[in-house]
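Take a look at the structure set out below.
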Amino acid sequence: MPLVKLHVSSGCVFNRKALVREVRLAVVEVLGIAPDHGHVVLYESPLFSRSTHESRSGDFIFVEIIMFSGRTGAMKELLFRRLNDVIGGRTGVPETDILFVVTEADRDNWAARGGVPISRLDIGY
């Protein structure tokens, strides 16, 4: 039940609906989760509220992925590469300006279906 947050520049021109759809499909495929699981949220900020070194683009994209702990380093690397291809392909932002971070959470720290801890639910993975 991963949550992906995409932080993008509001000045970057691309099809936002297609991007969030493709990111979610890639997460489902790479992580092997149920097709109705996983969420993607796109956050936009104007260039004046973003800062990076002058050698990098102000249109950099920061990707936060919050997911259950326990996935292998190889699986996370595959996810990074796949999302990098999808995001770069959809936005035109160079791969060197797409940054990722994964935060892993124990299933006791997630809840769904009326506030029931995921550790007490059978979600199939």
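Readers should treat all values here as calculations from the given coordinates under stated rules, not as data from a laboratory. Computed from a predicted model, the values in this text were never measured in an experiment. Neighbour counts run over all protein chains shown; Cβ positions are idealised from the backbone, glycine included.
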TODO: With label points built 7 Å along Cα→Cβ from the Cα atoms of Val41 and Ser57, find their separation and express it in nm.
DONE: 2.5 nm
Open item on the list: Under 10 Å, Cα contacts only: if you run a Gaussian network model on the chain, which one of Phe48, Phe14, Phe60 comes out with the highest mean-square fluctuation?
Closed with: Phe48
- [ ] Give the relative contact order (percent, whole number) for the stretch 3-120; include only Cα pairs under 8 Å separated by 6+ residues.
- [x] 31 percent
Open item on the list: Under 5 Å between amide hydrogens, which residues at least 5 positions from Phe68 or on another chain qualify, with H placed 1.01 Å from N in the peptide plane?
Closed with: Ala105
Open item on the list: Compute the angle between helix 73-91 and the longest alpha-carbon principal axis of the chain, please, reported from 0 to 90 degrees and rounded to the nearest 10.
Closed with: 40 degrees
Task: the chain: angle of helix 16-31 to the longest principal axis, Cα-based, in degrees nearest 10 - done: 40 degrees
- [ ] Name the long-range amide H neighbours of Val40: under 5 Å, sequence gap of 5 or more, or other chain; modelled H, no Pro or chain starts.
- [x] Val4
Task: Neighbourhood net charge (14 Å Cβ-Cβ; Lys/Arg +1, Asp/Glu -1) for Ser51 - done: -1
Task: (i) 12, 28, 19, 15, 12, 10, 5, 1; (ii) 10, 22, 13, 11, 12, 11, 10, 8, 3, 0; (iii) 12, 43, 30, 14, 2, with the label sought being that of the calculated P(r) over Cα pairs in 10 Å bins from 0, in percent - done: (iii)
